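Novice: Before I ask anything, here is the structure I am working with.
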């Protein structure tokens, strides 16, 4: 059974709002690496990719928009 925590939801919303893992991590008071790992774990549990990531940009996927 999938159990989402409030911190998972806050992380996704912060990244979506700021369009940046680094800026979202600053808002949440954590490292960008920890945030990225948390989102990767959430994506693995959900079985869908929530964000398209490149070295220069972050954007929600269709599944990510539905999740938000």
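Novice: So is residue 59 surrounded by 15 or more Cβ atoms within 10 Å (Cβ to Cβ) and in contact with a strand residue (DSSP E or B) (Cβ under 6 Å, 6 or more places away or on another chain) or not? Reasoning before the result, please.
Specialist: Values: surrounded by 15 or more Cβ atoms within 10 Å (Cβ to Cβ): no; in contact with a strand residue (DSSP E or B) (Cβ under 6 Å, 6 or more places away or on another chain): yes.
Spelling it out, it is not the case that residue 59 is surrounded by 15 or more Cβ atoms within 10 Å (Cβ to Cβ) and in contact with a strand residue (DSSP E or B) (Cβ under 6 Å, 6 or more places away or on another chain).
Novice: Collect the residues in region 41-58 that are within 18 Å of residue 22 (Cα to Cα), within 12 Å of the chain's Cα centre (by Cα) and assigned to a loop (DSSP other than H, G, I, E, B), keeping them in residue-number order.
Specialist: Residue satisfying the conditions is 50 alone.
Novice: I've got another one for you. Please indicate, with yes or no, whether at least one residue in region 19-40 is assigned to a helix (DSSP H, G or I), within 12 Å of the chain's Cα centre (by Cα) and touching a residue at least 40 places away in the same chain (Cβ under 8 Å).
Specialist: Checking region 19-40: not a single residue is assigned to a helix (DSSP H, G or I), within 12 Å of the chain's Cα centre (by Cα) and touching a residue at least 40 places away in the same chain (Cβ under 8 Å).
Novice: To continue, here is another question. Could you grab me the full set of residues in region 39-56 that are surrounded by fewer than 15 Cβ atoms within 10 Å (Cβ to Cβ) and touching a helix residue (DSSP H, G or I) at 6+ places or on another chain (Cβ under 6 Å)?
Specialist: Result: 48, single match.
Novice: Looking at region 15-38 only, could you name the residues that are touching a strand residue (DSSP E or B) at 6+ places or on another chain (Cβ under 7 Å) and crowded, with 18+ Cβ neighbours inside 10 Å? Steps first, please.
Specialist: Residues of region 15-38 that are touching a strand residue (DSSP E or B) at 6+ places or on another chain (Cβ under 7 Å), as a first pass: 15-16, 19-21.
Across region 15-38, the qualifying residues are 15, 16, 21.
Rule-based calculations on the coordinates, nothing more; no lab input. What you see is a predicted model; the values in this text were computed from it and never measured. Don't worry about glycine lacking a Cβ; one is built from the backbone with ideal geometry, like all the others, and counts go over all protein chains shown.
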